[in-house]
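Participant: I have a structure I would like to understand better, so I am pasting it below and will then ask my questions one at a time.
The values are calculated or read from the model by the stated rules, or taken from the named source; none is laboratory data. Keep in mind it's a predicted model, so treat the numbers as computed, not measured. Here Cβ is always computed from backbone atoms with ideal geometry, including for glycine, and neighbour counts include all displayed protein chains. We work out accessible area using only protein heavy atoms, side chains counted, and drop any ligands, DNA or RNA first. Shrake-Rupley method; radii C 1.70, N 1.55, O 1.52, S 1.80 Å.
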Amino acid sequence: MTLTAEIGITRGSLSLDVQLALRSGHTVALLGPNGAGKSTVLRALAGLLPLDRGRVECSTEGENSAVWDDPATGTFVEPAHRSVGMLFQDYALFAHLSVLENVAFGLRARGMGRGEARREASSILERFDLAGYGADRPGVLSGGQAQRVALAQIGRAHV
């Protein structure tokens, strides 16, 4: 997958103009001081914040590219229909659910049956080195473990 973006957003005194070309399998870090627009860039890529100007496009090997956001043509794809997830700094885990149930929740929300979702969630936990924590509640996890559970919730298609 390749994601190309020309992100143009103005919010108050922030005028952000960023160009990115991201490829699957690579790690990218956005660095900068508070208020530089790092979260704004991520929100735009995820579809949580529409562009004022520019374009976000995703292409997959062997398939046509898909334009996710292009204000010039009125194109805007909702976040649920983009193959991008965003992990917020608060991990948004359900405190009343076990780790396994937290991961299975997203699968069930996408239409998977209870048993299949639990089996798939268990497999995902193994891949995230969390197999021994399935019955635990998020409150007993370390920060890194909680972050991996949050990634496991959104990472099914990208593991």
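Participant: Hey, how many Å between the Cα centroid of the stretch 95-159 and the Cα centroid of the stretch 20-47?
Facilitator: 25 Å
Participant: How much of the accessible area of the stretch 28-142, probe 1.4 Å, is carbon plus sulfur, in whole percent? Can you show the working numbers first?
Facilitator: Numbers: 3490 of 6980 Å².
Percent of accessible area from carbon and sulfur atoms in the stretch 28-142: 50.
Participant: Mind checking the per residue accessible area of the chain for me, 1.4 Å probe, whole number of Å²? It would help to have the intermediate numbers written out before the result.
Facilitator: Working: 9640 Å² over 159 residues.
Each residue of the chain exposes 61 Å² on average to a 1.4 Å probe.
Participant: Using the Karplus equation 6.51 cos²θ - 1.76 cosθ + 1.60 (θ = phi - 60°), what ³J(HN,Hα) coupling, rounded to whole Hz, does each residue of the stretch 120-130 give in order, writing x for Gly and Pro?
Facilitator: 5, 4, 4, 5, 5, 4, 4, 5, 9, 6, 10
Participant: Quick one: if the Förster radius is 22 Å, what FRET efficiency do residue 26 and residue 83 give, using the C-beta to C-beta distance and rounding to 0.05? Each step should come with its number before you reach the end.
Facilitator: On the way: r = 16 Å, r/R0 = 0.71.
The calculated FRET efficiency here is 0.90.
Participant: What trypsin sites (Lys or Arg not before Pro) in the stretch 96-137 are in a loop by DSSP, with at most 14 other Cβ atoms within 10 Å of the Cβ? Don't skip to the end; give the middle numbers.
Facilitator: On the way: sites: 108, 110, 114, 118, 119, 127; in loops: 110.
Those that pass, being in a loop and sparsely packed, are 110.
Participant: Contact order normalised by length for the chain, with contacts defined as Cα pairs under 8 Å and 6 or more residues apart; what percent is it? Working shown, then result.
Facilitator: Values: 226 pairs, mean separation 27.7, N = 159.
Computed value for the chain: 17 percent relative contact order.
Participant: A follow-up question, please. Over the stretch 1-63, what is the relative contact order in whole percent, taking alpha-carbon pairs under 8 Å and six or more residues apart? Could the numbers behind the result be given before it?
Facilitator: Values: 85 pairs, mean separation 29.5, N = 63.
In percent, rounded to a whole number, it is 47.
Participant: Once you charge only the Cβ atoms, +1 for Lys and Arg and -1 for Asp and Glu, what is the size of the charge dipole of the chain about its Cα centre, to the nearest 20 debye?
Facilitator: Working: 16 positive and 16 negative charges, 74 e Å.
The dipole of the chain has a size of about 360 debye.
Participant: Run lengths n ≥ 4 of DSSP H only: what is the helix-derived mean residue ellipticity at 222 nm for the chain, with -39500 (n - 2.57) per run over all residues, to the nearest 500? All intermediate terms of the calculation are to be shown ahead of the outcome.
Facilitator: Values: 4 runs with 46 residues, N = 159.
So the helix-based figure for the chain works out to -9000 deg cm²/dmol.
Participant: Evaluate the charge dipole of the stretch 114-156 about its Cα centre and quote only its size in Debye, nearest 20, assuming +1 on the Cβ of each Lys and Arg and -1 on the Cβ of each Asp and Glu. Please list the in-between numbers first.
Facilitator: Values: 7 positive and 5 negative charges, 25 e Å.
Value, rounded to 20: 120 debye.
Participant: Got a sec? Charge dipole of the chain, +1 on Cβ for Lys and Arg, -1 for Asp and Glu; which of 134, 34, 48 is way out at the positive end?
Facilitator: It is 134, whose Cα lies furthest towards the positive end.
Participant: Assuming R0 = 30 Å, can you tell me the calculated FRET efficiency for the pair residue 64 and residue 129, based on Cβ-Cβ distance, to the nearest 0.05? Before the final figure, lay out the partial values.
Facilitator: Details: r = 36 Å, r/R0 = 1.21.
So the FRET efficiency works out to roughly 0.25.
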